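Taken together, the values in this text are just the output of simple stated rules run on the coordinates, not laboratory data. Since this is a predicted model, take the numbers as computed values, not measurements. Backbone-built Cβ (ideal geometry, glycine too); neighbour counts: all protein chains shown.
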Amino acid sequence: MLNHRSYLQPSTHRLPRVCHRAATASLLFGLAFQPSLASPKPKPQTQPPSLSAGTLGQAGQGRHIAIGAAAASAYLAEAEYSAILGSEFSQLQPENETKFGPIHPRPDSDPNPYDFNGADKLVAFAQSHHMLVRGHTLVWHNQIPDWVKKGGYTAPQLAAILQSHIHAVVGHYASKVYAWDVVNEAFNDDGTMRDTIWYDQPGINAGAGTQYIEQALRWARAADPQAKLFYNDYDAEVLNRKSDAIYAMAKDFKQRGVPLDGIGFQTHISLKFDDPANLASYAKNMERFAKLGLELHLTELDIRLTDSSPESLRAQAKLYGEITDLCVHQPACKLLQTWGFTDKHSWIPNFYKGQGWALLWDENYQKKPAYEAVHDALMK
Ligand code: XIL
């Protein structure tokens with residue numbers, strides 16, 4: 001069942017908002033919209049009225065793939081930003097505002113340890129535009145506030161801090177955030193565990209190996225039994241030592257009933273990724289995770305360039321189309337999300353010197369060739 005891409009299938013999880021649209025549509029249009037359970041690729045018969053015609057979100061809905069963008073509340077004041085975000089996408093995910101540092105800037109001893117303002121604004125925006133919200137991220141080695149980093153806590157104290165953080169943040173967004181990146185980037189490229197404050201410096205006292213990840217997943221499940229729980233990482237798209245280690249962990253977790261529902265593939269790539277062997281390897285990798293019964297999300301897609309020449313933009317569009325195709329052809333792939341949507345507010349120029357132009361809209365909010373490529377791949 002898990003390999004059928006159908007929001008109408010029986011599920012232990014709450015049906016996401018897109019599903020309510022599908023359900024509403026099937027009520028409105030009788031049996032017309034019901035996807036065939038026999039086919040992993042139900043053809044769209046009609047579209048619910050809530051998604052604007054011709055948008056990415058609508059094209060994705062025909063494939064039962066949510067189309068997401070990472071977003072920041074500060075930019076909602078820009079008319080073009082909110083118009084595109086609210087019309088083209090069926091999901092948003094705070095780019096920073098649900099991370100530990102921004103959302104929990106002060107210690108629990110403070111009368112006001114949490115700051116939900118930014119993320120609450122994004123959730124309100126999403127709700128008023130009928131979008132899903134995905135949460136990111138509860139356990140990560142970056143963007144941790146100084147009060148945690150420099151607090152000199154013992155392992156048991158750190159465990160108590162993380163448990164209460166997960167309880168508060170996931171609890172605050174219960175029934176509003178349908179999926180969480182619970183743990184982000186816990187592995188090194190060679191498949192060993194990354195040394196972090198949560199793992200071994202001093203760690204949360206959960207034991208060796210992947211046990212702290214298991215512990216975080218269990219705390220998240222307790223905080224919101226309905227939310228889908230993900231492990232998310234970068235450079236684990238293809239078959240390699242990192243994805244092997246994540247696969248071994250996922251297999252072990254599924255066998256032992258640890259609450260892991262899906263894997264997030266960040267997919268921060270450059271044009272170098274456009275190689276048939278790489279793309280085939282990405283497809284194979286997704287397939288092995290799908291066979292474990294996991295949902296697959298492309299969580300942070302962007303394709304950085306070193307210039308914005310017409311040739312580069314064309315090559316970028318081709319690769320965006322190919323990545324979209326991978327998701328379309330993998331029934332367990334339920335989310336295609338870009339890391340932002342306009343080059344005006346992309347993280348790339350700040351983190352990769354001399355690179356940029358990574359998203360679907362340019363810095364003047366004009367659609368790039370990559371936009372059409374994604375749209376076409378969804379509609380094909
Ligand atoms: C990045 C944001 O885009 C930046 O604004 C921030 O300064 C640093 O983090 N992998 C992740 C994301 O999981 O959280 C990162 O986001 C990009 C890499």
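Worth pointing out:
- GNM top mover of ALA186, ALA79, ALA53 - the chain, alpha-carbon springs below 10 Å: ALA79
- Under a Gaussian network description of the chain, with springs only between Cα atoms under 10 Å, the residue in LYS150, LYS121, LYS272 that fluctuates furthest is LYS150.
- For LEU239 and ALA124, the difference between the fully extended length at 0.36 nm per residue and the C-alpha to C-alpha distance is 37.5 nm.
- Estimated FRET transfer efficiency (ARG256, MET379; beta-carbon r; R0 51 Å; 0.05): 0.80
- Note on SER281 and LYS344: the extension gain reaches 19.5 nm, defined as 0.36 nm multiplied by sequence separation minus the Cα-Cα distance.
- Cross-link pairs beyond the 24 Å C-alpha cut-off, checked among LYS242/LYS368; LYS99/LYS318; LYS344/LYS367: LYS242/LYS368; LYS99/LYS318
- Per-residue ³J(HN,Hα) for the stretch 297-302, Karplus 6.51 cos²θ - 1.76 cosθ + 1.60, θ = phi - 60°, Hz, x for Gly and Pro: 10, 8, 9, 9, 4, 8
- Ranked by how many other beta carbons lie within 10 Å on average, peptides 228-239, 98-109, 275-286 from highest: 228-239, 98-109, 275-286
- Multiplying the residue separation of LYS291 and SER82 by 0.36 nm and removing their Cα-Cα distance gives an extension gain of 71.5 nm.
- Of all DSSP beta bridges in the stretch 228-380, antiparallel share, percent nearest 5: 10
- Nearest 10 degrees, 0 to 90: helix 369-379 Cα axis against the chain principal axis: 80
- Counted over the stretch 52-379 with a bin width of 20 Å, the fraction of Cα pairs per bin, in whole percents, is 33, 60, 8.
- Taking 19 Å as the limit for the C-alpha separation, the pairs LYS291/LYS334; LYS228/LYS291; LYS149/LYS353 exceed it in the case of LYS149/LYS353.
- Antiparallel %, DSSP beta bridges [both residues in the chain], to 5: 10
- Helix 117-128 vs. the chain, principal-axis angle (Cα, 0 to 90°, nearest 10): 30
- Considering only TYR352, TYR212, TYR81, the Gaussian network model of the chain with Cα springs below 10 Å gives its largest mean-square fluctuation to TYR352.
- Separation of the stretch 326-345 from the stretch 120-190 is 21 Å, based on Cα centroids.
- Ranking GLY62, ALA74, PHE125 by how far each Cα lies toward the positive end of the dipole of the stretch 52-379 (charges on Cβ) leaves GLY62 at the top.
- Modelled spin-label separation between SER109 and GLN201, with each label point placed 7 Å from Cα along the Cα-to-Cβ direction: 2.4 nm.
- The chain: calculated mean residue ellipticity at 222 nm from DSSP helix runs of at least 4, using -39500 (n - 2.57): -11500 deg cm²/dmol
- Whichever aspartates and glutamates have a C-alpha closer than 16 Å to that of LYS176, once near sequence neighbours (fewer than 8 apart) are set aside: GLU97, ASP120, ASP224
- A straight Cα-to-Cα reach below 19 Å connects LYS380 with the aspartates and glutamates GLU88, GLU322, ASP325, GLU372, residues fewer than 8 places away in its own chain not being considered.
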